[in-house]
Amino acid sequence: MPPMAVSWRDKMQYELKNGGDTIKGIIIEGISVPVGTSPADVLYKAKQKMKRFGLPIGSLHFRLYKKSIDARKRDDIRVVYSVLGVAKEGTTLSSEAIARSGCKPYVENVLSITKGTTPLLARPLVVGAGPAGLFCAYLLAREGYRPLLIDRGDDMDSRVASVERFVKFGVLDTESNIQFGAGGAGTFSDGKLLTRINDPRCSFVLETLKDMGAPEDITLNAKPHVGTDVLRLVVTRMLETITQLGGEVMFRCRLDGIKRMTDGSFSAQTTRGDLSCGVIVLAPGHSARDTYAMLLREGYPLIPKPMSVGVRIEHLRQDMDEMLYGSMAGHPDLGAGEYHLSHTKGERGVYTFCMCPGGEVVAAASEENTVVVNGMSHRARNQTNSNAAVAVSVFPEDYEPYNGSDVLGAIEFQRRIERAAFVAGGKNYDVPVMTVGDFLGNKAGKAMADPTRVLPSYRGGNHFKVASLGEVLPPYVVASLSEGLRVFDKKLPGYAMPEAVLSGAETRTSAPVRIRRGEDFCALGYPGIYPCGEGAGYAGGITSAAADGLKVAEAIIAKYC
Ligand SMILES: Cc1cc2nc3c(=O)[nH]c(=O)nc-3n(C[C@H](O)[C@H](O)[C@H](O)COP(=O)(O)OP(=O)(O)OC[C@H]3O[C@@H](n4cnc5c(N)ncnc54)[C@H](O)[C@@H]3O)c2cc1C
């Protein structure tokens, strides 16, 4: 049977004919315009540019393709567009003319899937309904493999309720929280979809999220974001679609063990009974510490990997927008300002991460007696503060004092910091905070000031305790943070303003381990077991986790019929 070519987006199909034949789509890049320029004017400018290149604009449909903000010159902020010209039905364009124009041919990502011939002894099991598990199960379901998707956490409504209980009353559900449940860790987030991986699957991820209800502009904006309020709807729709396509979804179902049967299939031991399955996709995310421990006990190839720890910094959104955009701050074309800062000294890097403009700091703990922070924004990004993680890179040798430099050492390293934050916060899931002024001034005890201008947003506000973050983080992390903040203040004057607030601790920036897998995407020495996504150490962020889920689904489809 010939390979089945799956074109992710028929309406964007373009054919590239070699040797002087026609190209039906081109991209014009670098259309730089003042803030507030209308899309019609941008398209007009692009058409003029094309005319100058002698390209037949009459035979093209035009639309905006990419949009980014160029704020390098604060007194002359520009919006930079790419425009896509699509050849009208029955018209073609010559590749020579395109080449002469310096424009880019638009090539459609066609990923072909070849179905395998090995019989699958039972349905595939996907463990974890985060972006990796969701997209893996979605593609398997679309291709008729009727996957069973399980998650230890709750479905969306119940999960939102348990998160709200924790925010309001400090009652933590260790199975259903900001890390665990429908949609995984990304559900209570800003839903930033930017990724550094250059993988054609990423456009499929964005298009699919759009099909599931995400805003149209996620394929236009260079830095797309969905917002937690919209993301929850998108995740719910995706789960429904997997079921409609013949899949099944089970919540409050935690994988606690894996048994290989004599016929080569598996029995997955879960909190909802043993499940028979042909293959198992392990997409548990970076916070499933008991699952890591179980895999280690069962001899799976886990290795520790570098990660980062630090704090979350908060500024008033207005202050941050002015720092970034000056007098243009607040312009609807710019939205809430985003930044990314980094500094490296010797081996250690310090960088800002997962910035949430107009968002809030969230209580991201998943274990009792620990305090963990992360960030979240709604689609509107209109809350009072803007926040970001400021993280310092740490390495396996740093885990040495905490149970050795092996896998469990990495987890223990995180846990010790999180417990110290719990204690420093007053042992009630309040967060320890410090002003940047006090932090850089090495203040402690009574010398520290209460936040005034910028109020911590953690757990809706009023759930913080002024405490020295030196009591929470290792000294080399504190030293790198101080240096980083001073350097960032030079790059973005005002960044280290004394009133800005630091909350601790940010420890779940990436997975502490990697589950080693081979070219067949199976765990080394464990055929039929597919480690996947961030928790397995192969992704960082929503889009790259989803893309890794697709890769694993393709590998399963390519092997099994
Ligand atoms: C608060 C927050 C904000 C974030 N913001 C962003 C952002 O704006 N943009 C971005 O790109 N990234 C963001 N991230 C990171 C992003 O969410 C993750 O990189 C991504 O979700 C990883 O996807 P994953 O599917 O690999 O794992 P996860 O999303 O972590 O999903 C794993 C799932 O597996 C389940 N699970 C774990 N163990 C078991 C078990 N034994 N049995 C059954 N189920 C199990 C968990 O309940 C969980 O639902 C954020 C993370 C957090 C916590």
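Derivation of every value follows stated rules applied to the coordinates shown; laboratory data play no part. This one's a predicted model, so the numbers in the text were calculated from it and none came from an experiment. Cβ: placed from backbone, ideal geometry, glycine included. Neighbour counts: every protein chain shown.
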Dividing the Cα radius of gyration by the Kirkwood radius, what Rg/Rh value follows for segment 265-345? 1.27
Is any residue of segment 354-369 close enough, with backbone N under 14 Å, to a label point placed 7 angstrom from the Cα of K465 along the Cα-Cβ axis, and if so, which? 369
What pairs in K259/K427; K168/K345; K168/K491; K259/K559; K192/K551; K223/K551 have C-alpha atoms more than 29 Å from each other? K259/K427; K168/K345; K168/K491
Given points 7 Å out from each Cα along the Cα-Cβ axis, report the E347 to A97 separation in nanometres with one decimal. 5.9
Can you pull the semi-axes for segment 169-322, root of five times each eigenvalue of the Cα gyration tensor, sorted largest first, whole Å? 32, 22, 17
If only Cα atoms are counted, what is the Rg of segment 500-558, and what is its Dmax, in Å? 14.5, 52
Cα centroid separation, segment 197-227 to segment 43-79 (Å): 21
Would you kindly state how much longer the chain becomes between H340 and R237 on full extension, computed as 0.36 nm times their sequence separation minus their alpha carbon distance, in nm to one decimal? 33.9 nm
Largest first and rounded to whole Å, the semi-axes √(5λ) derived from the alpha carbon gyration tensor of segment 143-197 read 24, 18, 8
Provide the net charge surrounding Q414, with neighbours chosen by a C-beta distance below 9 Å and charges set as Lys +1, Arg +1, Asp -1, Glu -1. +2
Given 0.36 nm per residue, what is the gain on full extension from T114 to S327 after removing their alpha carbon distance, in nm? 71.2 nm
Contour minus end-to-end for A222 and E164, with contour as 0.36 nm per residue of separation and end-to-end as the Cα-Cα distance? 17.7 nm
At 4 °C and 1.567 mPa s, the Stokes-Einstein diffusion coefficient in µm²/s for segment 316-448, with hydrodynamic radius from the Kirkwood sum on alpha carbon pairs, is 76
What are the aspartates and glutamates whose alpha-carbon lies under 14 Å from the alpha-carbon of K49, with same-chain residues fewer than 8 places away excluded? E29, D41
P(r) of segment 42-116 in 5 Å steps, Cα pairs, percent per bin? 3, 13, 19, 20, 15, 10, 9, 6, 3, 2, 0, 0
The simple spin-label model distance between D263 and A122, using points 7 Å out along Cα→Cβ, in nm, is 0.9
Simple label model, 7 Å out from Cα along Cβ direction - E519 to D274, nm: 3.6
Can you give me the pair-distance distribution of segment 370-451, C-alpha pairs, 5 Å bins, whole percents? 3, 12, 14, 17, 21, 17, 10, 5, 1
When each pair of different Cα atoms in segment 214-260 is counted once in the 1/r mean, what is the Kirkwood radius in angstroms, to one decimal? 13.4
With contacts defined as alpha carbon pairs under 8 Å and 6 or more residues apart, what's the relative contact order of the chain in percent? 17
Cβ under 9 Å from G330's Cβ, G330 left aside: what net charge do those residues give with Lys, Arg +1 and Asp, Glu -1? -2
When Rg is the radius of gyration of the Cα atoms in the chain and Rh is its Kirkwood radius, what does Rg/Rh come to? 0.99
Quick check on the chain: helices-only [θ] at 222 nm, where DSSP H runs of length 4 and up contribute -39,500 (n - 2.57) each and the sum goes over total residues. Nearest 500, please. -8500 deg cm²/dmol
Spatial extent of segment 448-556: Rg and Dmax, with the Cα atoms as the point set, Å: 20.4, 57
